1. With a ≥ b ≥ c the root eigenvalues of the C-alpha gyration tensor of segment 1-65, is it rounded (a/c under 1.5), prolate (a/b larger than b/c) or oblate?
2. How much length would be gained if the chain were fully extended between Asp210 and Asn21, taking 0.36 nm per residue of separation minus their Cα-Cα distance, in nm to one decimal?
3. Relative contact order of segment 110-164, please, whole-number percent, based on alpha carbon pairs below 8 angstrom and at least 6 residues apart.
4. Would you kindly calculate the translational diffusion coefficient of segment 159-220, applying Stokes-Einstein with the Kirkwood radius from alpha carbon pairs, for 10 °C and a viscosity of 1.306 mPa s, and quote it in µm² s⁻¹ without decimals?
5. What's the center-to-center distance, using Cα atoms, between segment 41-70 and segment 187-246 in Å?
6. List the extent of the Cα atoms of segment 1-156 along each of their three principal axes, largest first, rounded to whole Å.
7. Would you mind giving the average projected area, over all directions, of the Cα convex hull of segment 192-323 in nm² with one decimal?
8. Can you pull the one-decimal nm distance between simple spin-label points at Ser125 and Asp59, each 7 Å off the Cα toward Cβ?
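The values are calculated or read from the model by the stated rules, or taken from the named source; none is laboratory data. The structure displayed is predicted, hence computed values, not measured ones. We place every Cβ from the backbone using ideal geometry, glycine too, and count neighbours over all the protein chains shown. For accessibility, only protein heavy atoms count, side chains too; no ligands or nucleic acids. Shrake-Rupley method; radii C 1.70, N 1.55, O 1.52, S 1.80 Å.
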Amino acid sequence: MSKWVRAHTNIALIKYWGKENEALIIPKNNSLSLTLDAFYTDTKVTFKADLAADELILDGEKQDQTALKKVSAVLDLIREKAGMTEFATVESVNYVPTAAGLASSASGLAALAGAANEAAGLNLSSEALSRLARRGSGSASRSIYGGFVEWEKGTDDQTSVARPVDDANWDIGMLFIIVKDAKKDVSSRDGMRRTVETSPFYDGWLATLDRDLAEMKAAISEQDIDKVGTIAERNALKMHATTLGANPPFTYWSADSMVAMDAVRTLRKEGHSVYFTMDAGPNVKVICKQSEMKTIKQALCAYFGEEQIISAAPGPGIQVMEN
Ligand code: FM0
């Protein structure tokens, strides 16, 4: 039965950056993220006998082929599992500023996996949904679960899957600084491919990941925000360093991203537990204590407009909505 399914976005603290297998979306490394409550996508899938192709209606507007590609990749797998041939109408409402490096594809493709599962009546496990979401967009595999989540790279379709690590029911949260001109120019998919293929720094990045991941998991189990933040910040900086070595080189940073990163360093010098991370766009995400969030937000208002700063707490895994 068609039902609305909600998935929340996640932000990686240990980044996924590069694929071992492009067709199956199997990554080069394990990644680890925090699911957040502030940004999410609601999606409903309806299979219809009279459609000649899948269609995606996002925030009331019919989307073009590019946006449809990832969606149909997931729907094809659902059709295969269910032995169906019908195309589907996918209705989606995004509570995420799209194409702003806020991982809208993560919540979007995770919600789609859940909604397609409902529509096809497949009754898939969370693990199967994570695998399915992964085939739409790698980071979506993690948005099936709430709290801290690790995506194990695995070696094939079956073993490349995300698993919950910790429910994040402690004093940690994230502030999103939405910088101006936030339309990204290199998609994460193209950016990571170019980096793997051309950046001499890519091997250096990969070489340190096991250590970052192990230290991050220990820091999470100790609920030590300073360790979590320190590791996340250095991991993000390393990932972004690889893009400068690509050919042609590129960066996701804008002048305002630098202002934000500097503001975080200043607050840290003043004694606050604040750290930053960035993804495939110029926005900056600030890791801090939930109990200090108001103070930190206020301090950041010296650099950015209040409307540019959004508070987020740890969020839940996917939910089937009642109506
Ligand atoms: O989220 O090519 O999932 O771990 O956000 O669709 O599999 O959009 F900072 C970059 C997300 C990459 C890090 O990549 O790529 C992370 C990133 P796809 P995604």
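1. Because a/c hits 1.5 or more and a/b fails to exceed b/c, segment 1-65 counts as oblate.
2. Computed gain between Asp210 and Asn21 is 66.1 nm.
3. 30 percent
4. For the chosen part, D equals 102 µm²/s.
5. What the calculation gives is 34 Å, centre to centre.
6. 44, 32, 27
7. 10.9 nm²
8. 3.7 nm
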